[in-house]
Amino acid sequence: MHEAPSAERGQTTQADGRPSLAQRRKTALRLEIAGAAVRLFASQGVTATTGEQIAQAVGISGRTLWRHFPTKESCVLPLFSAGLEFAVEQLGNWPPETGLLDFFTDSCRNGELPPTAPVLLELIRMTSTDPALRAVWLQAHDDALPVLGELLARRSGGNADDLRIKVHAATLNGALRAAAEDFARRFADDPETPDGEIATCLLAALRAASEGLPY
């Protein structure tokens with residue numbers, strides 16, 4: 001979500017629309033870098049971690065690392081984007097006759113839950129104390145706004161540039177972010193928190209969003 005394939009240099013998709021082999025390899029490497037970065041951040045702190053250490057953990061050169069990411073903190077962007085990509089994929093299956101809250105309720109009941117890997121939850125938790133990681137977390141959500149806006153516009157028959165659509169996309173985006181942060185906090189307080197609790201956080205956030213501003 002953070003970067004559309006069409007924005008890449010060179011051919012990134014095949015004739016059938018699937019990512020090219022080069023793009024798949026790039027995506028896999030970026031995820032490997034992200035995993036190594038968050039493990040180092042969690043074990044020794046963000047400040048003490050260098051880009052060279054991340055590169056060494058993956059088995060690549062520092063130059064290769066910096067070709068993919070401008071800063072060490074931005075290395076985790078693919079992990080942040082994964083949860084948002086999951087939400088967008090789910091919304092692609094949203095039936096026209098079903099309300100948003102009902103759709104997510106049914107999805108959660110069917111076990112279709114956002115990623116809850118401990119490494120991702122620890123990363124989200126760290127965004128509350130590290131400004132640089134926070135900026136990357138917010139960037140991931142900012143990158144998702146146009147995608148959500150287009151999805152809502154298609155559903156409503158409106159225009160993604162309409163203020164009303166933009167507000168609705170921002171509201172949904174904010175609910176997804178707040179739910180993820182709340183679940184990460186709960187998991188940090190109690191590592192035995194069941195994965196299904198993410199559904200409780202998500203539905204509570206969406207209910208609050210559907211209330212509008214009752215003030």
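With the structure loaded, tell me whether residue 140 is touching a residue at least 40 places away in the same chain (Cβ under 8 Å) and either within 18 Å of residue 179 (Cβ to Cβ) or over 17 Å from the mean Cα position of the chain (by Cα) (or both) or whether it fails that test. If you could, list the steps in order and put the result at the bottom.
Values: touching a residue at least 40 places away in the same chain (Cβ under 8 Å): yes; either within 18 Å of residue 179 (Cβ to Cβ) or over 17 Å from the mean Cα position of the chain (by Cα) (or both): yes.
Here the answer is yes, as residue 140 does meet what is asked.
Filter the stretch 188-208 down to residues that are hydrophobic (A, V, I, L, M, F, W, C) and more than 18 Å from the chain's Cα centre (by Cα) and give me whichever is farthest from residue 126 (Cα to Cα). Outline the logic, then answer.
Keep residues of the stretch 188-208 that are hydrophobic (A, V, I, L, M, F, W, C), which gives 188, 198-199, 201-206, 208.
When the remaining residues are screened for being more than 18 Å from the chain's Cα centre (by Cα), the result is 188, 204, 208.
Working: 188: 10, 204: 23, 208: 25 Å.
Filtering first and then ranking leaves 208.
Please verify whether the stretch 48-61 includes one or more residues that are β-branched (Val, Ile, Thr) and closer than 30 Å to residue 153 by Cα.
No: the stretch 48-61 contains no residue that is β-branched (Val, Ile, Thr) and closer than 30 Å to residue 153 by Cα.
With the requirement that a residue be under 17 Å from residue 175 (Cα atoms) and in contact (Cβ under 8 Å) with a residue 24 or more places away in the chain, what does the stretch 109-137 give you? Show your work before the answer.
Within the stretch 109-137, the first condition is being under 17 Å from residue 175 (Cα atoms), and the residues that meet it are 113-116, 121, 124-125, 127-128, 134, 137.
Answer for the stretch 109-137, where residues must be under 17 Å from residue 175 (Cα atoms) and in contact (Cβ under 8 Å) with a residue 24 or more places away in the chain: 113, 114, 115, 116, 121, 124, 125, 127, 128, 137.
Tell me which of these residue 162 doesn't satisfy, since it passes every other one: (1) over 23 Å from residue 98 (Cβ atoms); (2) among the charged types (D, E, K, R); (3) surrounded by 14 or more Cβ atoms within 10 Å (Cβ to Cβ).
Exception for residue 162: condition (1).
Sort through 65, 84, 40 and tell me the only one that's under 24 Å from residue 138 (Cβ atoms) and either assigned by TED's automatic domain parsing to the domain that holds residue 120 or modelled with pLDDT under 95 (or both).
Of 65, 84, 40, the one residue that is under 24 Å from residue 138 (Cβ atoms) and either assigned by TED's automatic domain parsing to the domain that holds residue 120 or modelled with pLDDT under 95 (or both) is 84.
Specify the residue that is nearest to residue 121 (Cα to Cα); the eligible residues are those in the stretch 55-107 that are outside any helix (DSSP H, G or I), free of Cβ contacts under 8 Å to residues at least 12 places away in the same chain and over 19 Å from the mean Cα position of the chain (by Cα).
59
Among the listed residues 173, 159, which satisfies the condition of being out of contact with any Cys (no Cβ under 8 Å at 6 or more places or on another chain), within 22 Å of residue 123 (Cβ to Cβ) and of a type in the set (S, T, N, Q)? Walk me through how you get there before you give the answer.
Details: 159 fails: within 22 Å of residue 123 (Cβ to Cβ).
Criteria check complete, one pass: 173.
Does residue 142 count as at pLDDT 90 or above and over 24 Å from residue 44 (Cβ atoms)?
yes
If the requirement is being touching an Asp or Glu at 6+ places or on another chain (Cβ under 6 Å) and of a type in the set (A, V, I, L, M, F, W, C), which of these qualifies: 120, 133, 91, 138?
Only one candidate qualifies: 133.
State all residues of the stretch 76-93 that are crowded, with 17+ Cβ neighbours inside 10 Å, closer than 25 Å to residue 211 by Cβ and not aliphatic (A, V, I, L, M); if no residue qualifies, say none.
83
Residues being more than 14 Å from residue 72 (Cα to Cα) and in a loop (DSSP other than H, G, I, E, B): count how many of those fall in the stretch 14-54.
Residues that pass the stated criteria total 6.
Residue 184 fails exactly one of the following numbered conditions: (1) under 14 Å from residue 122 (Cα atoms); (2) more than 19 Å from the chain's Cα centre (by Cα); (3) not in a loop (DSSP other than H, G, I, E, B). What is the number of that condition?
Here residue 184 meets the rest and fails (2).
The values are calculated or read from the model by the stated rules, or taken from the named source; none is laboratory data. Owing to the predicted nature of the structure, the values given are computational and were not obtained by experimental measurement. Note that each Cβ is placed from the backbone with ideal geometry, even for glycine, and that neighbours are counted across all protein chains shown.
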